[in-house]
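Below: one structure, written as structure tokens.
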Amino acid sequence: MADMSELSGEGGTGNGGAADVAPHHPAPAQAQDQAREFLDRWGLRQDGPPMRGRIAVVLPVVREADGARAALKLQEVDEETVGEPVALRVWDGRGAVRLLDHDPATGTMLLERLDEARPLAAVPDVLAATEVIAELLARLTSVPAPDGTRRLADIAARMLDRVPDAVDALADAAERRLLKSCAAAVREVADEPGDRLLHWDLHFDNVLAAGREPWLAIDPKPLAGDPGFELLPALWNRFGEGGLLRRFDLMTDALGMAADRERARAWTLGRVLQNSLWTVVEGGRRLDPEMTEIGRALLAPGAAPPGLAHD
């Protein structure tokens, strides 16, 4: 077994394309105790060093009863993580990692083992990688969200309430106009927030190679809403590789939104608004340059149906 003290070490927490929030792992001592408890309770043997994400610690394990390779995920229960096992049960392995066991009290999950050494981010062609994201999004959002899932309707309302103060806090006039334009786009669609089960954070590092399917999604932060709210992570992640509007089209086509790109554009601007509001809440007076470029590209003349002009 790998040394349990490794759970106290620091690991990479690279921004995958969703909100740039501070990592929040279980405390080292808590993680060690929790790991020992569930290794014993679920009959597991650790067979590799722990891996640390932004909010979780994952241990590669083997189930002693049948030799099955799995992953033990330790994370604190909060508004975003509480829905992960619920969504994984709904998807039941269709496009996403399969949930094998779950402890609601601690949030601990036993998941099927995927190939963490082969993330979709390693695929050199960003458009080919985006096609994978698009196909997964189409599958994952094909089902309605279960009762109790966080609702995009509520999130949109809170965002719009915060816009006036955020606009006042920004130092740049052009960025203030951008924030107002994003808010205006959200108001146009806010009365139809959707009911699909959204992953919310499907970027290239949250897709891993698998054995039973070529690629599977991991780490959902479930939300009930419109699939158009799913697109930003795959636009922001690997931003420097270009193809922004082509990526947008690939995803809207796969989601069956080709005839309603305006709605997809509005909800994607909603994600720009959401991330920008977080920047202001954290004390920023200037917006993230990549976020502003995405917003301006989607707001530019011609960035609406019947198809976007490709960069």
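Things to note:
- Additional length obtainable on full extension of the chain from Glu241 to Arg177, 0.36 nm per residue less Cα span: 20.4 nm
- Over all Cα atoms in the chain, the spread is summed up by Rg and Dmax: 19.8, 63 Å.
- Solvent-accessible surface of the chain, averaged per residue with a 1.4 angstrom probe and all protein chains in place: 43 square angstrom.
- Highest-fluctuation residue, Arg151, Arg263, Arg41 considered, GNM on the chain with Cα pairs under 10 Å: Arg41
- Rounded tilt (10° steps) of 261-281 against the dominant C-alpha axis of the chain: 70 degrees
- Between the amide H of Asp101 and those of Leu110, distances stay under 5 Å, these residues lying 5 or more places away or on another chain, with hydrogens modeled in the peptide plane.
- From phi via Karplus (6.51, -1.76, 1.60), per-residue ³J(HN,Hα) for the stretch 55-69 in Hz, x at Gly/Pro: 10, 9, 10, 10, 10, x, 9, 10, 7, 5, 5, 9, x, 5, 7
- Between the helical axis of 152-169 and the longest alpha-carbon principal axis of the chain there is an angle of about 60 degrees.
- Paramagnetic reach from Ala300 (point 7 Å along Cα→Cβ, amide N under 20 Å) across the stretch 118-153: 126-127
- Residues of the stretch 87-113 with amide N under 14 Å of the 7 Å Cα→Cβ point at Arg212: 88-101, 111-113
- Assigned charges on the beta-carbon of Lys, Arg, Asp, Glu; the stretch 155-304 dipole about Cα centre (debye): 240 debye
- Mean shadow area of the stretch 122-229, taken as a quarter of the surface of its Cα convex hull (nm²): 8.9 nm²
- Choice from Ala96, Ala183, Ala300 with maximal GNM fluctuation in the chain (Cα, 10 Å cutoff): Ala300
- In the elastic network of the chain, a GNM with C-alpha springs shorter than 10 Å, the most mobile of Ala210, Ala153, Ala169 is Ala169.
- A simple charge model with +1 on the Cβ of Lys and Arg, -1 on the Cβ of Asp and Glu and nothing else charged puts the dipole of the chain at about 420 debye relative to its Cα centre.
- With every protein chain in place, the chain: carbon and sulfur % of accessible area (1.4 Å): 50 percent
- Residue-wise HN-Hα coupling along the stretch 187-193, computed from phi with Karplus coefficients 6.51, -1.76, 1.60 (Hz; x: Gly, Pro): 4, 5, 10, 4, 7, 10, x
The values are calculated or read from the model by the stated rules, or taken from the named source; none is laboratory data. The shown structure was predicted, so the numbers you read here are calculated from the model rather than taken from an experiment. Counting neighbours? That spans all protein chains shown, and the Cβs are built from the backbone with ideal geometry, glycine included. The accessibility values were calculated without ligands, DNA or RNA, using every heavy atom of the protein model including side chains. Shrake-Rupley method; radii C 1.70, N 1.55, O 1.52, S 1.80 Å.
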